[in-house]
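Asks: Handing you this structure, nothing more for now.
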Amino acid sequence: MSVMYQPKKEDKFTFGLWTVGNRGRDPFGDEVRAGATPIEAVRRLAELGAYGVNLHDNDLVPINATAGERDRIVAEFKTVLDDTGMKVPMATTNLFYHPVFRDGAFTSNDPAIRAYAVQKAMRGIDLGVELGAELYVFWGGREGAEVDAAKDPVSAVKRMREALNFLCEYVMDQGYKMRFCLEAKPNEPRGDIYLPTTGAMLGFIATLAHPEMVGLNPEVAHEQMAGLCFHHAVAQAIDAGKLWHIDLNAQKPGRFDQDLRFASEGYKGAFFLVKLLEDNGYDGPRHFDAHPYRTESDQGIWDFAAGCMRSYLILKEKVRQFNADPEIQEAYREANPTDPDLEALIESYDRPKAETLKAMDWDPEELAQRRLAYERLDQLTFELVTGAR
Ligand code: GLT
Ligand code: MN
Ligand code: MN
(Lines give C-alpha, C1' and ligand atoms only; values in the text may rest on other atoms or scores of the structure.)
(Ligands and ions follow the chains in the order given, each with its own letter.)
Protein backbone atom coordinates (compact mmCIF):
# COMPACT_ATOMS: atom_id res chain seq x y z
CA MET A 1 0.00 0.00 0.00
CA SER A 2 1.28 3.45 -0.89
CA VAL A 3 2.79 5.44 1.98
CA MET A 4 0.97 8.45 0.54
CA TYR A 5 -2.19 7.22 2.21
CA GLN A 6 -0.59 6.37 5.54
CA PRO A 7 -2.64 8.01 8.35
CA LYS A 8 -0.84 10.44 10.62
CA LYS A 9 -1.78 11.92 13.99
CA GLU A 10 -2.49 15.29 12.36
CA ASP A 11 -5.25 13.70 10.26
CA LYS A 12 -7.15 13.41 13.57
CA PHE A 13 -8.72 10.04 12.77
CA THR A 14 -10.67 8.60 15.68
CA PHE A 15 -12.84 5.53 16.29
CA GLY A 16 -15.46 4.84 18.90
CA LEU A 17 -14.56 1.96 21.19
CA TRP A 18 -17.97 0.60 20.19
CA THR A 19 -16.96 0.50 16.50
CA VAL A 20 -13.93 -1.78 16.56
CA GLY A 21 -15.52 -3.43 19.60
CA ASN A 22 -18.66 -4.27 17.63
CA ARG A 23 -19.47 -7.97 17.81
CA GLY A 24 -21.81 -8.06 14.86
CA ARG A 25 -25.01 -8.67 16.76
CA ASP A 26 -28.19 -7.55 15.00
CA PRO A 27 -31.92 -7.89 15.77
CA PHE A 28 -31.99 -11.27 14.03
CA GLY A 29 -28.65 -12.77 14.93
CA ASP A 30 -26.15 -13.17 17.68
CA GLU A 31 -22.52 -12.13 18.04
CA VAL A 32 -20.18 -13.35 15.32
CA ARG A 33 -16.81 -12.22 16.76
CA ALA A 34 -15.30 -11.13 20.08
CA GLY A 35 -14.66 -7.49 19.06
CA ALA A 36 -11.69 -5.47 20.31
CA THR A 37 -11.41 -4.75 24.03
CA PRO A 38 -10.80 -1.08 24.94
CA ILE A 39 -7.09 -1.74 25.58
CA GLU A 40 -6.68 -3.69 22.34
CA ALA A 41 -8.56 -0.99 20.43
CA VAL A 42 -6.19 1.72 21.64
CA ARG A 43 -3.07 -0.30 20.88
CA ARG A 44 -4.08 -1.55 17.44
CA LEU A 45 -5.54 1.79 16.30
CA ALA A 46 -2.38 3.57 17.44
CA GLU A 47 -0.32 1.19 15.30
CA LEU A 48 -2.54 1.96 12.32
CA GLY A 49 -1.96 5.71 12.71
CA ALA A 50 -5.18 6.86 14.41
CA TYR A 51 -5.21 9.92 16.63
CA GLY A 52 -7.55 8.68 19.30
CA VAL A 53 -10.65 6.87 20.50
CA ASN A 54 -14.04 7.99 21.73
CA LEU A 55 -16.21 6.19 24.20
CA HIS A 56 -19.51 5.84 25.99
CA ASP A 57 -19.23 5.62 29.77
CA ASN A 58 -20.19 1.93 29.59
CA ASP A 59 -17.85 1.05 26.72
CA LEU A 60 -15.15 1.32 29.36
CA VAL A 61 -16.82 1.00 32.74
CA PRO A 62 -19.70 -1.51 33.12
CA ILE A 63 -22.94 0.11 34.26
CA ASN A 64 -22.92 -1.85 37.54
CA ALA A 65 -19.21 -1.34 38.42
CA THR A 66 -18.32 -0.28 41.96
CA ALA A 67 -16.37 2.94 42.50
CA GLY A 68 -13.22 0.91 43.11
CA GLU A 69 -13.66 -1.11 39.90
CA ARG A 70 -14.28 2.06 37.96
CA ASP A 71 -11.10 3.69 39.21
CA ARG A 72 -9.00 0.60 38.45
CA ILE A 73 -10.39 0.31 34.90
CA VAL A 74 -9.90 4.01 34.19
CA ALA A 75 -6.34 3.99 35.57
CA GLU A 76 -5.40 1.01 33.39
CA PHE A 77 -6.94 2.66 30.35
CA LYS A 78 -5.07 5.91 31.00
CA THR A 79 -1.80 4.01 31.14
CA VAL A 80 -2.40 2.60 27.67
CA LEU A 81 -3.35 6.05 26.36
CA ASP A 82 -0.09 7.44 27.75
CA ASP A 83 1.94 4.54 26.32
CA THR A 84 0.54 5.01 22.83
CA GLY A 85 0.01 8.79 22.76
CA MET A 86 -3.63 8.20 21.88
CA LYS A 87 -6.21 10.89 22.79
CA VAL A 88 -9.86 10.76 23.83
CA PRO A 89 -11.23 13.89 22.16
CA MET A 90 -14.89 12.96 22.63
CA ALA A 91 -16.94 11.07 25.19
CA THR A 92 -20.64 10.31 25.46
CA THR A 93 -23.22 8.60 27.66
CA ASN A 94 -24.95 5.35 26.92
CA LEU A 95 -28.57 6.35 27.47
CA PHE A 96 -30.06 3.66 25.25
CA TYR A 97 -28.87 0.12 26.07
CA HIS A 98 -30.17 -0.63 29.55
CA PRO A 99 -33.89 -1.55 29.76
CA VAL A 100 -34.43 1.43 32.08
CA PHE A 101 -34.17 3.64 28.98
CA ARG A 102 -36.56 1.66 26.82
CA ASP A 103 -38.98 4.59 26.63
CA GLY A 104 -36.40 7.38 26.65
CA ALA A 105 -33.87 8.95 28.98
CA PHE A 106 -34.09 12.76 29.04
CA THR A 107 -37.56 12.54 27.48
CA SER A 108 -38.93 9.64 29.53
CA ASN A 109 -42.37 10.30 31.00
CA ASP A 110 -41.03 9.06 34.35
CA PRO A 111 -39.26 11.83 36.32
CA ALA A 112 -37.15 9.22 38.15
CA ILE A 113 -35.75 7.96 34.86
CA ARG A 114 -35.11 11.51 33.67
CA ALA A 115 -33.26 12.25 36.91
CA TYR A 116 -31.22 9.04 36.61
CA ALA A 117 -30.34 9.90 33.01
CA VAL A 118 -29.09 13.36 33.94
CA GLN A 119 -27.07 11.88 36.82
CA LYS A 120 -25.56 9.29 34.46
CA ALA A 121 -24.65 12.05 31.99
CA MET A 122 -22.96 14.09 34.76
CA ARG A 123 -20.88 11.07 35.74
CA GLY A 124 -20.08 10.41 32.09
CA ILE A 125 -18.95 14.01 31.68
CA ASP A 126 -16.67 13.61 34.73
CA LEU A 127 -15.18 10.49 33.11
CA GLY A 128 -14.71 12.29 29.79
CA VAL A 129 -12.95 15.18 31.50
CA GLU A 130 -10.71 12.76 33.38
CA LEU A 131 -9.65 11.26 30.03
CA GLY A 132 -9.04 14.67 28.44
CA ALA A 133 -12.17 14.92 26.27
CA GLU A 134 -13.33 18.43 25.37
CA LEU A 135 -16.37 17.36 23.36
CA TYR A 136 -19.37 15.48 24.68
CA VAL A 137 -21.88 13.93 22.29
CA PHE A 138 -25.58 13.45 22.92
CA TRP A 139 -27.22 10.88 20.69
CA GLY A 140 -30.72 10.32 22.00
CA GLY A 141 -31.25 6.84 20.60
CA ARG A 142 -34.27 6.12 22.78
CA GLU A 143 -35.66 9.67 22.79
CA GLY A 144 -38.67 8.91 20.66
CA ALA A 145 -41.91 7.02 20.43
CA GLU A 146 -43.94 4.36 18.76
CA VAL A 147 -47.11 5.09 20.75
CA ASP A 148 -47.83 8.78 20.28
CA ALA A 149 -50.95 8.43 22.46
CA ALA A 150 -48.63 8.01 25.46
CA LYS A 151 -46.19 10.89 24.95
CA ASP A 152 -46.50 14.57 24.26
CA PRO A 153 -43.90 15.59 21.65
CA VAL A 154 -43.85 19.22 22.80
CA SER A 155 -43.04 18.10 26.37
CA ALA A 156 -40.37 15.83 24.94
CA VAL A 157 -38.56 18.75 23.32
CA LYS A 158 -38.94 20.80 26.53
CA ARG A 159 -37.52 17.95 28.60
CA MET A 160 -34.60 17.60 26.23
CA ARG A 161 -33.96 21.34 26.61
CA GLU A 162 -34.13 21.17 30.41
CA ALA A 163 -31.64 18.30 30.51
CA LEU A 164 -29.16 20.03 28.21
CA ASN A 165 -29.49 23.34 30.04
CA PHE A 166 -28.89 21.54 33.34
CA LEU A 167 -25.80 19.80 31.97
CA CYS A 168 -24.39 23.01 30.45
CA GLU A 169 -24.68 24.63 33.88
CA TYR A 170 -23.02 21.59 35.43
CA VAL A 171 -20.03 21.91 33.06
CA MET A 172 -19.69 25.62 33.84
CA ASP A 173 -20.11 25.09 37.57
CA GLN A 174 -17.33 22.48 37.55
CA GLY A 175 -15.08 24.77 35.50
CA TYR A 176 -14.73 22.08 32.82
CA LYS A 177 -13.49 22.90 29.34
CA MET A 178 -16.20 20.92 27.60
CA ARG A 179 -18.63 21.59 24.76
CA PHE A 180 -21.59 19.50 23.67
CA CYS A 181 -22.44 18.10 20.22
CA LEU A 182 -25.93 16.90 19.34
CA GLU A 183 -26.34 13.95 16.97
CA ALA A 184 -29.61 13.47 15.10
CA LYS A 185 -31.09 10.27 13.76
CA PRO A 186 -34.58 9.91 12.27
CA ASN A 187 -35.50 6.46 13.62
CA GLU A 188 -34.02 3.19 14.89
CA PRO A 189 -34.07 1.95 17.53
CA ARG A 190 -37.28 3.96 18.07
CA GLY A 191 -40.06 4.14 15.51
CA ASP A 192 -39.56 7.89 15.45
CA ILE A 193 -36.83 9.80 17.24
CA TYR A 194 -37.43 13.42 18.28
CA LEU A 195 -35.32 16.11 16.55
CA PRO A 196 -34.69 13.74 13.65
CA THR A 197 -32.27 15.68 11.45
CA THR A 198 -29.19 17.88 11.73
CA GLY A 199 -31.35 20.84 10.67
CA ALA A 200 -33.85 20.09 13.47
CA MET A 201 -30.97 20.00 15.97
CA LEU A 202 -29.69 23.32 14.69
CA GLY A 203 -33.09 24.91 15.29
CA PHE A 204 -33.24 23.36 18.76
CA ILE A 205 -29.77 24.64 19.76
CA ALA A 206 -30.94 28.22 19.25
CA THR A 207 -33.58 27.64 21.97
CA LEU A 208 -31.07 26.56 24.64
CA ALA A 209 -29.86 28.72 27.52
CA HIS A 210 -26.23 28.40 26.38
CA PRO A 211 -26.31 27.89 22.62
CA GLU A 212 -22.63 28.84 22.39
CA MET A 213 -21.76 25.63 24.29
CA VAL A 214 -23.69 23.34 21.98
CA GLY A 215 -22.82 22.30 18.42
CA LEU A 216 -23.40 19.32 16.16
CA ASN A 217 -22.15 15.83 15.47
CA PRO A 218 -23.80 14.92 12.16
CA GLU A 219 -23.55 11.32 10.94
CA VAL A 220 -23.49 10.30 7.27
CA ALA A 221 -25.81 7.30 7.72
CA HIS A 222 -28.37 9.13 9.80
CA GLU A 223 -29.09 11.81 7.24
CA GLN A 224 -28.99 9.37 4.33
CA MET A 225 -31.44 6.99 6.06
CA ALA A 226 -33.98 9.79 5.66
CA GLY A 227 -33.04 10.22 2.01
CA LEU A 228 -31.36 13.56 2.68
CA CYS A 229 -28.13 14.88 1.18
CA PHE A 230 -25.55 14.59 3.93
CA HIS A 231 -23.05 17.10 2.68
CA HIS A 232 -25.73 19.77 2.38
CA ALA A 233 -26.61 19.22 6.06
CA VAL A 234 -22.93 19.48 6.95
CA ALA A 235 -22.64 22.67 4.90
CA GLN A 236 -25.41 24.23 6.99
CA ALA A 237 -23.61 23.15 10.17
CA ILE A 238 -20.39 24.74 8.90
CA ASP A 239 -22.22 27.94 7.99
CA ALA A 240 -23.68 28.10 11.52
CA GLY A 241 -20.21 27.58 13.07
CA LYS A 242 -21.52 24.37 14.66
CA LEU A 243 -19.54 21.59 12.98
CA TRP A 244 -17.44 20.53 15.95
CA HIS A 245 -17.41 16.76 15.40
CA ILE A 246 -18.49 14.39 12.62
CA ASP A 247 -19.46 10.71 12.41
CA LEU A 248 -18.13 9.28 9.16
CA ASN A 249 -19.49 6.05 7.71
CA ALA A 250 -21.50 4.90 4.70
CA GLN A 251 -25.08 3.94 4.07
CA LYS A 252 -27.40 2.82 1.33
CA PRO A 253 -30.42 5.16 1.38
CA GLY A 254 -33.69 3.76 2.65
CA ARG A 255 -32.09 0.98 4.73
CA PHE A 256 -31.65 0.45 8.47
CA ASP A 257 -28.65 2.25 10.02
CA GLN A 258 -25.88 0.28 8.34
CA ASP A 259 -22.84 2.13 9.77
CA LEU A 260 -20.68 0.84 6.91
CA ARG A 261 -16.96 1.43 6.42
CA PHE A 262 -16.41 5.06 5.39
CA ALA A 263 -16.93 5.63 1.65
CA SER A 264 -17.80 1.98 0.97
CA GLU A 265 -21.08 3.17 -0.58
CA GLY A 266 -21.88 6.40 -2.41
CA TYR A 267 -18.37 7.32 -3.58
CA LYS A 268 -19.48 10.61 -5.07
CA GLY A 269 -21.23 11.80 -1.93
CA ALA A 270 -18.18 10.77 0.09
CA PHE A 271 -15.95 12.76 -2.27
CA PHE A 272 -18.04 15.91 -1.90
CA LEU A 273 -18.15 15.44 1.85
CA VAL A 274 -14.36 15.24 2.10
CA LYS A 275 -14.12 18.21 -0.26
CA LEU A 276 -16.45 20.21 1.97
CA LEU A 277 -14.47 19.39 5.11
CA GLU A 278 -11.07 20.02 3.55
CA ASP A 279 -11.99 23.14 1.56
CA ASN A 280 -13.55 24.71 4.65
CA GLY A 281 -10.62 23.94 6.93
CA TYR A 282 -12.56 21.64 9.29
CA ASP A 283 -10.07 20.87 12.03
CA GLY A 284 -12.09 18.73 14.44
CA PRO A 285 -11.75 14.97 14.81
CA ARG A 286 -12.59 12.82 11.80
CA HIS A 287 -14.46 10.17 13.69
CA PHE A 288 -15.41 6.86 12.09
CA ASP A 289 -18.69 5.70 13.59
CA ALA A 290 -18.97 2.48 11.64
CA HIS A 291 -18.38 -1.19 12.14
CA PRO A 292 -17.03 -4.13 10.17
CA TYR A 293 -19.43 -6.22 8.11
CA ARG A 294 -21.16 -8.88 10.14
CA THR A 295 -19.51 -11.41 7.85
CA GLU A 296 -16.08 -10.41 9.21
CA SER A 297 -13.97 -12.13 11.81
CA ASP A 298 -11.87 -10.43 14.49
CA GLN A 299 -9.00 -10.10 12.00
CA GLY A 300 -11.24 -8.15 9.65
CA ILE A 301 -11.72 -5.42 12.26
CA TRP A 302 -8.32 -3.99 11.41
CA ASP A 303 -8.87 -4.16 7.64
CA PHE A 304 -12.04 -2.22 8.32
CA ALA A 305 -10.31 0.42 10.46
CA ALA A 306 -7.37 0.86 8.07
CA GLY A 307 -9.83 1.06 5.17
CA CYS A 308 -11.81 3.93 6.71
CA MET A 309 -8.69 6.05 7.14
CA ARG A 310 -7.15 5.10 3.80
CA SER A 311 -10.36 5.88 1.92
CA TYR A 312 -10.54 9.31 3.55
CA LEU A 313 -6.96 10.06 2.52
CA ILE A 314 -7.53 8.82 -1.04
CA LEU A 315 -10.55 11.11 -1.35
CA LYS A 316 -8.56 13.96 0.17
CA GLU A 317 -5.95 13.49 -2.56
CA LYS A 318 -8.75 13.45 -5.16
CA VAL A 319 -9.98 16.76 -3.73
CA ARG A 320 -6.50 18.21 -4.15
CA GLN A 321 -6.44 17.02 -7.76
CA PHE A 322 -9.92 18.43 -8.39
CA ASN A 323 -8.91 21.82 -7.03
CA ALA A 324 -5.68 21.82 -9.08
CA ASP A 325 -7.13 20.54 -12.37
CA PRO A 326 -7.19 23.43 -14.90
CA GLU A 327 -10.00 21.98 -17.00
CA ILE A 328 -12.21 21.27 -14.00
CA GLN A 329 -11.53 24.67 -12.52
CA GLU A 330 -12.30 26.36 -15.82
CA ALA A 331 -15.62 24.50 -15.99
CA TYR A 332 -16.30 25.45 -12.38
CA ARG A 333 -15.60 29.13 -13.08
CA GLU A 334 -17.96 29.03 -16.04
CA ALA A 335 -20.64 27.63 -13.74
CA ASN A 336 -20.02 30.39 -11.19
CA PRO A 337 -20.10 33.74 -13.02
CA THR A 338 -19.23 36.88 -11.06
CA ASP A 339 -20.48 40.43 -11.35
CA PRO A 340 -19.19 42.65 -8.52
CA ASP A 341 -21.67 45.49 -9.16
CA LEU A 342 -24.70 43.22 -9.09
CA GLU A 343 -23.37 41.28 -6.11
CA ALA A 344 -22.90 44.53 -4.16
CA LEU A 345 -26.44 45.50 -5.06
CA ILE A 346 -28.09 42.42 -3.59
CA GLU A 347 -25.79 41.33 -0.78
CA SER A 348 -27.53 43.62 1.75
CA TYR A 349 -30.50 45.95 1.84
CA ASP A 350 -30.70 49.69 1.74
CA ARG A 351 -33.48 51.79 0.21
CA PRO A 352 -31.48 53.30 -2.70
CA LYS A 353 -30.28 49.81 -3.67
CA ALA A 354 -33.84 48.50 -3.48
CA GLU A 355 -35.04 51.32 -5.75
CA THR A 356 -32.21 50.74 -8.24
CA LEU A 357 -32.99 47.02 -8.32
CA LYS A 358 -36.73 47.57 -8.73
CA ALA A 359 -36.13 49.87 -11.69
CA MET A 360 -33.83 47.46 -13.52
CA ASP A 361 -34.95 45.89 -16.75
CA TRP A 362 -34.41 42.14 -16.63
CA ASP A 363 -35.25 39.86 -19.51
CA PRO A 364 -35.91 36.37 -18.14
CA GLU A 365 -35.92 34.93 -21.68
CA GLU A 366 -32.39 36.20 -22.25
CA LEU A 367 -31.21 35.02 -18.80
CA ALA A 368 -32.68 31.59 -19.42
CA GLN A 369 -30.57 31.22 -22.57
CA ARG A 370 -27.31 31.18 -20.61
CA ARG A 371 -25.62 27.83 -20.83
CA LEU A 372 -25.10 25.67 -17.75
CA ALA A 373 -22.51 23.19 -18.97
CA TYR A 374 -22.85 20.81 -16.05
CA GLU A 375 -22.69 17.62 -18.09
CA ARG A 376 -18.99 18.16 -18.82
CA LEU A 377 -18.13 19.18 -15.25
CA ASP A 378 -19.96 16.23 -13.75
CA GLN A 379 -18.31 13.79 -16.17
CA LEU A 380 -14.89 15.26 -15.36
CA THR A 381 -15.66 14.76 -11.67
CA PHE A 382 -16.63 11.14 -12.27
CA GLU A 383 -13.46 10.49 -14.25
CA LEU A 384 -11.30 12.08 -11.60
CA VAL A 385 -12.92 10.19 -8.69
CA THR A 386 -12.77 6.86 -10.50
CA GLY A 387 -9.14 7.37 -11.49
CA ALA A 388 -9.79 7.49 -15.25
CA ARG A 389 -8.40 11.03 -15.24
C1 GLT B 1 -24.52 4.29 18.58
C2 GLT B 1 -25.11 5.15 17.50
C3 GLT B 1 -24.16 6.16 17.02
C4 GLT B 1 -23.82 7.19 18.05
C5 GLT B 1 -23.08 6.61 19.19
C6 GLT B 1 -22.89 7.68 20.23
S7 GLT B 1 -23.77 5.19 19.81
O8 GLT B 1 -23.59 3.42 18.04
O9 GLT B 1 -25.53 4.31 16.42
O10 GLT B 1 -24.61 6.80 15.87
O11 GLT B 1 -22.96 8.13 17.46
O12 GLT B 1 -23.85 7.64 21.22
MN1 MN C 1 -23.02 8.23 15.33
MN1 MN D 1 -25.35 5.19 12.69
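Asks: If VAL53 meets every condition in (1) under 22 Å from ILE246 (Cβ atoms); (2) open to solvent by less than 10 Å² (accessible area, probe 1.4 Å); (3) within 16 Å of ligand 3 (Cβ to nearest atom); (4) not charged (D, E, K, R) apart from one, which number is that one?
Replies: All conditions pass for VAL53, except number (3).
Asks: Out of the residues in the range 360-389 meeting the condition of being charged (D, E, K, R) and part of a loop (DSSP other than H, G, I, E, B), tell me which one is surrounded by the fewest Cβ atoms within 10 Å (Cβ to Cβ).
Replies: ASP361
Asks: Would you check which residues across the range 257-297 are away from ligand 3 (no atom under 16 Å from the Cβ), open to solvent by 40 Å² or more (accessible area, probe 1.4 Å) and in a loop (DSSP other than H, G, I, E, B) and list them?
Replies: Listed by number, the residues that qualify are ASN280, GLY281, ASP283, THR295, GLU296, SER297.
Asks: Only one of these is in contact with a Gly (Cβ under 9 Å, 6 or more places away or on another chain), at pLDDT 95 or above and away from ligand 2 (no atom under 16 Å from the Cβ): ALA149, ALA117, ALA121, ALA163. Name it.
Replies: Step by step, each of ALA149, ALA117, ALA121, ALA163 is checked, and only ALA117 is in contact with a Gly (Cβ under 9 Å, 6 or more places away or on another chain), at pLDDT 95 or above and away from ligand 2 (no atom under 16 Å from the Cβ).
Asks: Mind checking which residues of the range 215-243 are within 15 Å of ligand 2 (Cβ to nearest atom) and of a type in the set (Val, Ile, Thr)?
Replies: Our first condition is that a residue be within 15 Å of ligand 2 (Cβ to nearest atom); within the range 215-243, this holds for 215-226, 230, 233-234, 237, 243.
If the condition is that a residue be within 15 Å of ligand 2 (Cβ to nearest atom) and of a type in the set (Val, Ile, Thr), then VAL220, VAL234 are the ones that fit.
Asks: Quick one: in the range 56-65, which of the residues that are in a helix (DSSP H, G or I) and farther than 23 Å from GLY300 by Cα is most open to solvent (accessible area, probe 1.4 Å)? Working first, answer last.
Replies: Step one: of the range 56-65, the residues in a helix (DSSP H, G or I) are 57-60.
Filter once more, so that each one left must be farther than 23 Å from GLY300 by Cα: 57-58.
On the way: ASP57: 15, ASN58: 47 Å².
The selected residue is ASN58.
Asks: Quickly run through the range 205-226 and pick out the residues that are open to solvent by 30 Å² or more (accessible area, probe 1.4 Å) and more than 15 Å from ligand 3 (Cβ to nearest atom). Give the derivation first.
Replies: The initial filter retains those residues of the range 205-226 that are open to solvent by 30 Å² or more (accessible area, probe 1.4 Å), namely 206-207, 209-212, 224, 226.
The answer is ALA206, THR207, ALA209, HIS210, PRO211, GLU212.
Asks: Report, by residue number, each residue of the range 69-84 that is open to solvent by less than 50 Å² (accessible area, probe 1.4 Å) and out of contact with any Lys or Arg (no Cβ under 9 Å at 6 or more places or on another chain).
Replies: Within the range 69-84, ILE73, VAL74, PHE77 qualify.
Asks: Applying the selection to the range 244-256, what residues are part of a loop (DSSP other than H, G, I, E, B), out of contact with any Cys (no Cβ under 9 Å at 6 or more places or on another chain) and open to solvent by less than 20 Å² (accessible area, probe 1.4 Å)?
Replies: Filtering the range 244-256 for residues part of a loop (DSSP other than H, G, I, E, B) gives 244-245, 249, 251-256.
Adding the requirement that they be out of contact with any Cys (no Cβ under 9 Å at 6 or more places or on another chain) leaves 251-256.
Scanning the range 244-256 gives a single hit, GLN251.
Asks: Same structure again: Working only within the range 191-204, note down all residues that are surrounded by fewer than 21 Cβ atoms within 10 Å (Cβ to Cβ) and not acidic (Asp, Glu). Walk me through it before giving the result.
Replies: If we filter the range 191-204 for residues that are surrounded by fewer than 21 Cβ atoms within 10 Å (Cβ to Cβ), which is where we start, we get 191-192, 196-197, 199-200, 203-204.
Within the range 191-204, GLY191, PRO196, THR197, GLY199, ALA200, GLY203, PHE204 meet the criteria.
Asks: Between GLU134, GLU183, GLU188, GLU130, which is within 16 Å of ligand 3 (Cβ to nearest atom), open to solvent by 50 Å² or more (accessible area, probe 1.4 Å), within 30 Å of TYR51 (Cα to Cα) and touching a residue at least 24 places away in the same chain (Cβ under 8 Å)?
Replies: Values: GLU134 fails: within 16 Å of ligand 3 (Cβ to nearest atom); GLU183 fails: open to solvent by 50 Å² or more (accessible area, probe 1.4 Å); GLU130 fails: within 16 Å of ligand 3 (Cβ to nearest atom).
Exactly one residue qualifies, and that residue is GLU188.
Asks: So, one more: List the residue pairs whose Cβ atoms are under 8 Å apart, where the first residue sits in the range 266-293 and is under 22 Å from GLY241 (Cα atoms) and of a type in the set (Val, Ile, Thr), the second is open to solvent by 50 Å² or more (accessible area, probe 1.4 Å) and at pLDDT 95 or above, and the two are 6 or more positions apart or on different chains.
Replies: Within 8 Å, the pairs are VAL274/LYS316.
Asks: Would you confirm whether any residue within the range 66-78 is under 19 Å from ARG123 (Cβ atoms), of a type outside the set (Phe, Trp, Tyr) and either within 16 Å of ligand 2 (Cβ to nearest atom) or part of a loop (DSSP other than H, G, I, E, B) (or both)? I'd like the intermediate steps shown before the answer.
Replies: Taking the range 66-78 first, the residues under 19 Å from ARG123 (Cβ atoms) are 66-78.
Next, from what is left, pick out any that are of a type outside the set (Phe, Trp, Tyr): 66-76, 78.
Filter once more, so that each one left must be either within 16 Å of ligand 2 (Cβ to nearest atom) or part of a loop (DSSP other than H, G, I, E, B) (or both): 66.
Yes, because at least one residue in the range 66-78 is under 19 Å from ARG123 (Cβ atoms), of a type outside the set (Phe, Trp, Tyr) and either within 16 Å of ligand 2 (Cβ to nearest atom) or part of a loop (DSSP other than H, G, I, E, B) (or both).
Asks: Only one of PHE96, PHE77 is more than 22 Å from the chain's Cα centre (by Cα) and not small (Gly, Ala, Ser). Can you tell me which? Walk me through it before giving the result.
Replies: Values: PHE96 fails: more than 22 Å from the chain's Cα centre (by Cα).
PHE77 is the lone residue from the list that is more than 22 Å from the chain's Cα centre (by Cα) and not small (Gly, Ala, Ser).
Asks: Now, a different point. Could you tell me whether GLU146 is within 16 Å of ligand 3 (Cβ to nearest atom) and either touching a strand residue (DSSP E or B) at 6+ places or on another chain (Cβ under 8 Å) or closer than 20 Å to ASN249 by Cα (or both)? Spell out the reasoning first.
Replies: Values: within 16 Å of ligand 3 (Cβ to nearest atom): no; either touching a strand residue (DSSP E or B) at 6+ places or on another chain (Cβ under 8 Å) or closer than 20 Å to ASN249 by Cα (or both): yes.
For GLU146, the condition - within 16 Å of ligand 3 (Cβ to nearest atom) and either touching a strand residue (DSSP E or B) at 6+ places or on another chain (Cβ under 8 Å) or closer than 20 Å to ASN249 by Cα (or both) - is not met.
Asks: Another question, if that's okay. How about the range 2-50: which of its residues are under 21 Å from the mean Cα position of the chain (by Cα), open to solvent by 50 Å² or more (accessible area, probe 1.4 Å) and not aromatic (Phe, Trp, Tyr)?
Replies: LYS8, LYS9, GLU10, LYS12
Asks: Can you name the residue in the range 90-111 that is among the polar types (S, T, N, Q) and either part of a loop (DSSP other than H, G, I, E, B) or away from ligand 1 (no atom under 16 Å from the Cβ) (or both) and, of all such residues, is surrounded by the fewest Cβ atoms within 10 Å (Cβ to Cβ)?
Replies: From the range 90-111, those among the polar types (S, T, N, Q) are 92-94, 107-109; that's our starting set.
Going one step further and asking which of them are either part of a loop (DSSP other than H, G, I, E, B) or away from ligand 1 (no atom under 16 Å from the Cβ) (or both), we end up with 93-94, 107-109.
Working: THR93: 24, ASN94: 19, THR107: 28, SER108: 23, ASN109: 14.
Only one residue tops the list, namely ASN109.
Asks: Sticking with this structure for a sec: What is the residue count in the range 317-338 for residues that are under 12 Å from LEU384 (Cα atoms), open to solvent by 50 Å² or more (accessible area, probe 1.4 Å) and either under 30 Å from the mean Cα position of the chain (by Cα) or not acidic (Asp, Glu) (or both)?
Replies: Taking the range 317-338 first, the residues under 12 Å from LEU384 (Cα atoms) are 317-325, 327-328.
Restricting the remaining residues to those that are open to solvent by 50 Å² or more (accessible area, probe 1.4 Å) gives 320-321, 323-324, 327.
Still in the list and also either under 30 Å from the mean Cα position of the chain (by Cα) or not acidic (Asp, Glu) (or both): 320-321, 323-324.
Residues in the range 317-338 being under 12 Å from LEU384 (Cα atoms), open to solvent by 50 Å² or more (accessible area, probe 1.4 Å) and either under 30 Å from the mean Cα position of the chain (by Cα) or not acidic (Asp, Glu) (or both): 4 in total.
The values are calculated or read from the model by the stated rules, or taken from the named source; none is laboratory data. Bear in mind the structure is a predicted one, so any value in this text is a computation, not a measurement. For neighbour counting, all protein chains shown are included, and Cβ atoms are generated from backbone atoms with ideal geometry for every residue, glycine included. Just the protein is used for accessible areas: all its heavy atoms, side chains included, with ligands, DNA and RNA removed. Shrake-Rupley method; radii C 1.70, N 1.55, O 1.52, S 1.80 Å.
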